[in-house]
Amino acid sequence: MSPPKGSALVLVLGSISQSPRMQYHAYSLLNSGYDVTLVGYPHGDVFDGLKSGVSDGRVKVRTVEDKFTVVFKPFKPLYYLTRLIMLTILTMWEARGRYDVVVLQTPPFLPTIIIGYLCSILYSSAWFTAAALVVDWHNIGFSMFSDRQTFIRSVVRAAEVAFGSTLPSGGLCVTEAMKGYLREEFGVERNVHVLHDRPTRYMKKGGEEEVHDMWGRLEQELEGVRSKLSIKLSRGQSTFTSSSPPCRRPDRPLMLMSSTSWTPDEDFSILLSALVHVDERARKGDKGLENGVVVFVTGKGPLKEHYEKRIAEMDLSRVVVKTLWLEVSDYPLLIGEVDCGISLHTSTSGVDLPMKILDMYGCGVPVLAMGFSALHELVEDGVNGMVFGDDKELAECIVKVGKGEGVERMREEVKRGRRWEEEWEEVVWKGLLEGGGGVRGWGIAGWVIGLAGLVLGVASVSSVRIVQ
């Protein structure tokens with residue numbers, strides 16, 4: 001495709017490194033000929049697809065950090081109000097520039113939609129028309145608040161209803177179920193497209209030598225795993241691989257992985273309960289479990305310490321749960337080495353999907369996923385993964401993976417999946433941006449002329465009345 005060169009603002013009021021979909025938007029806009037400014041909270045590095053753009057200056061990464069309102073934290077209403085104002089000011093400052101397209105992530109819906117709308121007007125590359133404002137709905141904003149947070153939940157829902165269909169020139173959402181919800185509940189239906197999450201071509205299984213080197217770097221962290229499962233190291237061996245040439249050890253334990261943000265919409269206790277059942281089966285020497293089981297858990301979040309304490313208190317003899325925080329480059333290497341991924345995401349709204357599953361699919365790994373209403377748009381039970389409903393069902397799924405039941409067939413199905421690059425070009429470029437991004441509002445000059453016209457009109461009416 002050969003689009004005109006332009007500038008795009010990608011806005012996320014969240015950690016940039018923990019917002020892969022927004023990074024992927026920036027990556028695709030860059031590849032479509034746009035210079036990109038990516039604004040969000042500081043946290044780690046960008047993924048490999050953006051690094052060349054950062055190096056040559058076509059991608060500017062600007063971070064927003066509110067260090068001022070923390071003093072108001074004991075006074076909740078005042079804290080929320082001042083933080084809202086401060087985030088708006090800081091983000092508007094970091095986002096300054098001239099843009100043809102503004103892409104923003106929701107949730108959080110507030111103040112992101114206000115900031116995005118102001119940017120589309122004040123920072124438009126055209127004087128008389130606003131930049132195209134594209135809202136990417138990752139979830140339903142008000143559903144992120146508990147029923148006890150009645151006031152803020154009501155405010156956010158009212159804002160989504162009032163502004164969701166009026167301010168954006170176009171929209172994206174992650175599932176067909178979400179598109180239906182937005183239409184029925186919020187009246188959002190103008191120029192809305194479903195952009196399913198897909199792995200990029202950068203998310204792929206690593207080579208044997210890269211993997212062996214990674215395990216070598218992690219040897220110190222894996223001391224507890226070797227001790228628990230009585231794994232011995234010989235010359236040239238890592239905990240899970242051998243060298244000359246690098247390959248998996250034949251006595252390697254079953255390896256699983258869950259990538260989590262440690263939030264309430266992922267009930268980690270289900271996995272811990274399932275592992276108690278798996279440990280019993282492993283102690284009995286079930287096929288595929290005789291070398292033990294290692295479950296890697298990556299990610300950071302508010303409930304991490306709570307669950308790490310619970311993990312430490314568990315009495316498991318043949319199962320080890322190991323939490324890790326990896327370098328960006330090591331993340332796909334680890335995924336590609338596990339036998340199966342695990343997703344505990346259930347969605348606060350029931351209409352979004354866990355993006356971490358796509359990372360696993362990108363590396364050719366099938367997934368055991370907690371079932372909920374929209375999951376079928378991503379995971380087909382027995383085809384590219386297995387779906388469970390409780391801890392006992394999850395334990396049975398893990399035992400089946402250990403036995404190898406249907407795993408290779410699922411791996412082959414996963415490899416046939418589409419990539420982000422194809423999906424984005426078809427849905428976002430051809431369906432949205434190629435036509436100008438949808439109906440645009442007035443630019444800054446348009447507002448000035450419109451307001452001037454209004455003032456002159458009022459003045460004219462007033463002067464006629466005075467003459468009469």
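The values are calculated or read from the model by the stated rules, or taken from the named source; none is laboratory data. Because the structure is a prediction, the values reported are computed rather than measured. Neighbour counts are summed over all protein chains in view; Cβ atoms, including those assigned to glycine, are modelled from backbone coordinates with ideal geometry.
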Practice item. Within the stretch 247-270, identify whether any single residue is free of Cβ contacts under 8 Å to residues at least 12 places away in the same chain, out of contact with any Lys or Arg (no Cβ under 7 Å at 6 or more places or on another chain) and small (G, A, S), and answer yes or no. Key: no
Review point. Out of the residues in the stretch 127-157 that are at pLDDT below 90 and assigned to a loop (DSSP other than H, G, I, E, B), which is surrounded by the most Cβ atoms within 10 Å (Cβ to Cβ)?
Key: F145
**Study point:** Hits in the stretch 76-124 (condition: among the hydroxyl-bearing types (S, T, Y), within 20 Å of Y34 (Cβ to Cβ) and touching a Phe, Trp or Tyr at 6+ places or on another chain (Cβ under 6 Å))
**Key:** Y99, Y123
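Table: residues versus (1) buried (at least 19 other Cβ atoms within 10 Å of the Cβ); (2) touching a Cys at 6+ places or on another chain (Cβ under 7 Å); (3) touching a residue at least 40 places away in the same chain (Cβ under 8 Å).
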{"position": "V321", "(1), (2), (3)": "yes, no, yes"}
{"position": "C340", "(1), (2), (3)": "yes, no, yes"}
{"position": "A369", "(1), (2), (3)": "yes, no, no"}
{"position": "E377", "(1), (2), (3)": "no, no, yes"}
{"position": "E380", "(1), (2), (3)": "no, no, no"}
Practice item. Hey, could you check the stretch 251-281 for residues that are β-branched (V, I, T) and in a helix (DSSP H, G or I) and say which is surrounded by the most Cβ atoms within 10 Å (Cβ to Cβ)? Key: V278
Study note, to complete from the structure: Of those in the stretch 47-78 that are in contact (Cβ under 8 Å) with a residue 60 or more places away in the chain and more than 17 Å from S15 (Cβ to Cβ), the residue surrounded by the fewest Cβ atoms within 10 Å (Cβ to Cβ) is D48
Point to revise | Qualifying residue in the stretch 158-180 (condition: among the β-branched types (V, I, T), closer than 22 Å to C119 by Cβ and surrounded by 18 or more Cβ atoms within 10 Å (Cβ to Cβ)) | key: no
Point to revise | Selected residue (only one of S32, S28 is surrounded by 21 or more Cβ atoms within 10 Å (Cβ to Cβ), under 20 Å from the mean Cα position of the chain (by Cα) and closer than 24 Å to E425 by Cβ) | key: S28
Check your understanding: How many residues are among the small types (G, A, S) and either under 21 Å from S259 (Cα atoms) or not assigned by TED's automatic domain parsing to the domain that holds P253 (or both) if we restrict to the stretch 277-317?
Key -> 4
Study note, to complete from the structure: Of the residues in the stretch 170-209, those that are within 18 Å of L133 (Cα to Cα) and assigned to a loop (DSSP other than H, G, I, E, B) number 7
